[in-house]
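Worksheet: one structure, shown below.
What follows draws every value from the coordinates through simple rules; no lab data is involved. From a predicted model like this one, the values you see are computed outputs, not experimental measurements. No Cβ is skipped: glycine too gets one built from the backbone with ideal geometry, and neighbour counts run over all protein chains shown.
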Amino acid sequence: MNENQQHWDKVYSEKPPTEVSWYEPMPEISLNLIDECKPAKDASIIDIGGGDSFLAEFLVSKGYEDVTVVDISQNAIERAKERMCEKADQVTWIVADAAEFKPDKKFDLWHDRAAFHFLTDKVQQENYLNTLFEAVKPGGFVIMSTFSDKGPETCSGLKVQRYSVGEMQKLFEEEFNVLSGKTVDHTTPSGDTQNFTVCSFQRKE
């Protein structure tokens, strides 16, 4: 287990789901963007850094049949499995560092809310993006949410890499068409406001 895994396992062992800063009982923005992509119910959807977020649960409830969740923390995944009970069996769970993860299949939709911005090293960022570019099918979709250039500089004791809408779109412009880009405020359980950059893209055919 590397230091990052130890860090996140500690976070998830010490804080209940409703107290982590990224908690949202209804992942409305992500679900709306996924709906706009109109994936088929058998589309392969991957949630990077999904941990014990509620997105996979909502996707399964909506009838999506091929949902994968990747998270660095075993504790986060175990928490999600416990909460989802038998529905958890409908999800593929993978414990992996987003900077090093290599999927064994391709996906119709890649979703990442607040994982990519923890990769502050250029090599990590390039590894992640190269993996994404290889893993998303032609015509497939990407939804990325990171702290914006006006967002926090740290989260859970770690530095983050912030992105403006333009900076995020520039990372994808060669291989993807831009579908949307905006900044949104997220209110944490403690009442703080965090500004996010949220963008969606479609892989060029």
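Report the charge-dipole magnitude of region 7-164 in Debye, nearest 20, computed about the Cα centre from +1 at each Lys and Arg Cβ and -1 at each Asp and Glu Cβ.
Dipole magnitude for region 7-164 comes out near 240 debye.
Which of 37, 199 comes first, and how do the rest follow, when ranked by fewest Cβ neighbours within 10 Å? Mind dumping the intermediate values first?
On the way: 37 19, 199 25.
With the fewest neighbours first, 37, 199 line up as 37, 199.
Just 107, 147, 133 to compare: in a GNM of the chain, with alpha carbon springs under 10 Å, which one fluctuates most?
133
Taking the beta-carbon count within 10 Å as an exposure proxy, list 84, 26, 144 from fewest neighbours to most.
By the 10 Å Cβ count, ascending, the order reads 26, 84, 144.
Trypsin sites (Lys or Arg not before Pro), restricted to region 97-163: which are DSSP loop and have at most 11 other Cβ atoms within 10 Å?
105
Viscosity 0.692 mPa s, temperature 37 °C: what is the translational diffusion coefficient of the chain from Stokes-Einstein with a Kirkwood Rh over Cα pairs, rounded to a whole number of µm²/s?
After rounding, the answer is 193 µm²/s.
State, to one decimal in nm, how far the label point of residue 96 lies from the label point of residue 130, with both points 7 Å from Cα in the Cβ direction.
Each label point is offset 7 Å from its Cα along the Cβ direction, giving 1.5 nm.
Normalised by the residues of region 44-203, what does the relative contact order come to in percent, with Cα pairs under 8 Å and at least six apart? Could you put the intermediate results ahead of the total?
Details: 320 pairs, mean separation 30.7, N = 160.
After rounding, I find 19 percent.
Quick one: putting +1 on the C-beta of Lys and Arg, -1 on the C-beta of Asp and Glu, what dipole do you get for region 141-186 around its Cα centre, in Debye to the nearest 20?
180 debye
Take the cross-link list 15/204; 38/122; 105/204; 15/105 and give me the ones stretching past 30 Å between alpha-carbons.
Result: 15/204; 38/122; 15/105 exceed 30 Å.
Near residue 10, which lysines are there with a Cα under 23 Å away, not counting those fewer than 8 places off in the same chain?
Correct list for residue 10: 81, 159.
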